[in-house]
Amino acid sequence: MTEVAVFVVSAAIVLAGAIGVIASRNPVHAALSLVATLFGIAVLFIAQDAQFLAAVQVIVYAGAIVVLFLFVLMLLGVDQAEDLSVDPLVGQRFLAAVAAVGGAVLLLLALFAGDTPATGARAVTAAISDTVPNINQLGRILFTDYVLAFEITAVLLTIAVVGAVALSRRGDDEPATDAEEGGR
Amino acid sequence: MDPLFNDGVDLAIVLIVVFKVVLTFAFLMVAVMFMVWFERKLISDMQNRIGPNRAGPWGLLQTLADGIKLFFKEDSKPDQADLTVFKLAPYLSLVPAFLTFAIVPVAGNFMDGGDGTIELFGHTTYAQLADPPIGILLALAMSSVAVYGVMLAGWSSGSKYPLLGSVRASAQMVSYEAALGLSVATIVLLAGSLSTHTIVSEQTNYQWNLWAAGFVPFVLFLIAATAELNRPPFDLVEAEQELVGGFHTEYSSIRFALFFLAEFMNTVTMSAIIVTLFFGGPAGPILVGPEWLWPPIWFFTKLGVFLFVFVWFRATLPRFRYDQLMDLGWKLLIPLALGWLLLIGAFRIARDQDWNLALVLAIAVVVLLVAASLLNGAIAAARRRREETETEAFS
């Protein structure tokens, strides 16, 4: 009973937030709707006993990534509604519609077609221990069985950081302009 | 997990939890009231003036008087404000400040193998509102949510100074969160658990993390926490000489009071977190009288020391410049916290594997020194390069 109530309320928040993201004209309101969605998902994680994922969801997504979105929105002052009547890329809308329909069809196929349709039963049948907190289990598995994937992800992130720094630096032969100096 | 929930949940247990919630709420409100008075009085002393002395004995009721006054003031709404967000922002500041205190153990005997439980209406329970498995991560999550209050308040005011304040705030709080998280990671490594109750019980009999982790994480945490709280010397967010009132310039009446409340409540909560992480929480000698009496006394004494320290910072340290703030955070605190985490990790492994501790220490010191000099070299090279391009631009 409680589980159903928690699911319904948080799913409603997730959906309302998701609709808010695409329906808001003001980009800051859209970013805030995204935060609501992320919180709803965090609550759903807690309802499934995945407390660590919930905490990471709030700390990383709500606490860092969306804050960076908002930071950029504020810094660049793009807090006005966009003019939606012009296509920045020709044929963008048509391609977006095709991608959306295709994605929905794939999702439905994954749910209902094939030999093993989704049933809602737990996919993982390994014992989820009552005595060991799931964060300990998660840590152990991450640093033993999946350590290679973990390290590759770490390298990927490092490459992304180096790439971002390289892109944002100005070239050697390009002296600083007055405007850039004033910003310091 | 809290032993309160061992035998399922019935009405009595729900009532006990509600009782704890009300108690925590009341404590925080009263604590904020006295913290405001304490800060004003202490700063007056340090600045050789008298401070509030009209309302009640020694001006103790000054905060109450100010609160009542703020309630009845006109609530002005700027024309350019985004009203929905403008009204939402104060609550986004206040709620995380309340929630963080839920994980702080305030009482219970942790000394000499005590398990830190108390008896409440015939039930055994922990002396904290909640002991979730994610424990201290809740504090980090709440401090990342608290950014929104400050940030949105500044943006939604539709005015230049608040916007500048909130842009500064978001960059500052996100930067220092990394240092804060890394110094907490050291403590989690030592305790082997995220739960605040376990972190406190691992520090029993004066094995305080303050020395077990070797002082550095504590200093890092204190600096990063001050920056996270936007308190002086890191109060660039408000910086009244440059930004009027910073992010809350356009706020008045009770909405302003809510920001004020959140700020002081965060100070109390952060001091409580410092006591929990580094100073053994409520642990201390049981001198005379009943066993349950002393832990809260020790807890509030330690809490008081840190409240004093935060006021002391404010009275004595000049404000950082923005570039100094970013240099300190990214080039000093984060590398140091990361290095110290690796050092503590190396010692843990050395102890488990029975390696020669002196040798491990020597290797660790050499590796960290090499890393530090590489980092220094990189920073120096970047500075040299920047100065070169600047001279070119001016010539």
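In the set (1) under 30 Å from residue A:50 (Cβ atoms); (2) surrounded by fewer than 10 Cβ atoms within 10 Å (Cβ to Cβ); (3) at pLDDT 80 or above, the condition left unmet by residue A:165 is number (1). Do you know which of the residues in the stretch A:33-53 that are modelled with pLDDT under 90 and within 11 Å of chain B (Cβ to nearest Cβ) is nearest to residue A:67 (Cα to Cα)? If we take residues in the stretch A:33-53 being modelled with pLDDT under 90 and within 11 Å of chain B (Cβ to nearest Cβ), then A:53 is nearest to residue A:67 (Cα to Cα). Would you say residue B:351 is within 14 Å of chain A (Cβ to nearest Cβ) and free of Cβ contacts under 8 Å to residues at least 12 places away in the same chain? No: the conditions fail for residue B:351. Residue B:106 meets the conditions (1) under 20 Å from the mean Cα position of the chain (by Cα); (2) within 14 Å of chain A (Cβ to nearest Cβ); (3) in a loop (DSSP other than H, G, I, E, B) in every case but one. The failed one is (2). Against the numbered list (1) part of a loop (DSSP other than H, G, I, E, B); (2) crowded, with 21+ Cβ neighbours inside 10 Å; (3) away from every other protein chain (no Cβ under 14 Å), residue B:206 comes up short only at (2). Tally the residues that are within 30 Å of residue B:195 (Cβ to Cβ) and either modelled with pLDDT of 85 or more or of a type outside the set (A, V, I, L, M, F, W, C) (or both), restricting the search to the stretch A:98-140. Of the residues in the stretch A:98-140, 11 are within 30 Å of residue B:195 (Cβ to Cβ) and either modelled with pLDDT of 85 or more or of a type outside the set (A, V, I, L, M, F, W, C) (or both).
Considering B:345, B:339, the condition of being within 14 Å of another protein chain (Cβ to nearest Cβ) and under 22 Å from residue B:179 (Cβ atoms) is satisfied by B:345 alone.
Only a single criterion out of (1) buried (at least 19 other Cβ atoms within 10 Å of the Cβ); (2) at the interface with chain A (Cβ under 10 Å from one of its Cβ atoms) is not satisfied by residue B:84, namely (1). Kindly indicate whether residue A:95 is facing chain B (nearest Cβ under 9 Å) and either modelled with pLDDT of 80 or more or part of a helix (DSSP H, G or I) (or both). In short, no.
Candidates in the stretch B:28-76 are the residues that are touching a residue at least 40 places away in the same chain (Cβ under 8 Å) and outside any helix (DSSP H, G or I); of these, the one that is nearest to the chain's Cα centre (by Cα) is B:47. Residue count for the stretch B:218-248, restricted to those that are at pLDDT below 85, of a type outside the set (A, V, I, L, M, F, W, C), touching a Ser or Thr at 6+ places or on another chain (Cβ under 9 Å) and not in a loop (DSSP other than H, G, I, E, B): 2.
Within the stretch B:184-198, residues that are touching a residue at least 60 places away in the same chain (Cβ under 8 Å) reach partners that are polar (S, T, N, Q) and part of a helix (DSSP H, G or I) with beta carbons closer than 8 Å, at six or more positions or on different chains, in the pairs B:187/B:209; B:190/B:209; B:196/B:276. A count restricted to the stretch B:87-107 and to residues that are crowded, with 23+ Cβ neighbours inside 10 Å and aromatic (Phe, Trp, Tyr) stands at 1. Might you check whether a residue that is modelled with pLDDT under 85 and more than 13 Å from every other protein chain (Cβ to nearest Cβ) occurs anywhere in the stretch B:161-178? The answer is yes; a qualifying residue exists. You will find that of A:8, A:14, A:4, the residue that is away from chain B (no Cβ under 14 Å), at pLDDT 90 or above and surrounded by fewer than 14 Cβ atoms within 10 Å (Cβ to Cβ) is A:8 and no other.
The values are calculated or read from the model by the stated rules, or taken from the named source; none is laboratory data. Since the structure is predicted, the reported quantities are computational estimates derived from the model, not experimental observations. We place every Cβ from the backbone using ideal geometry, glycine too, and count neighbours over all the protein chains shown.
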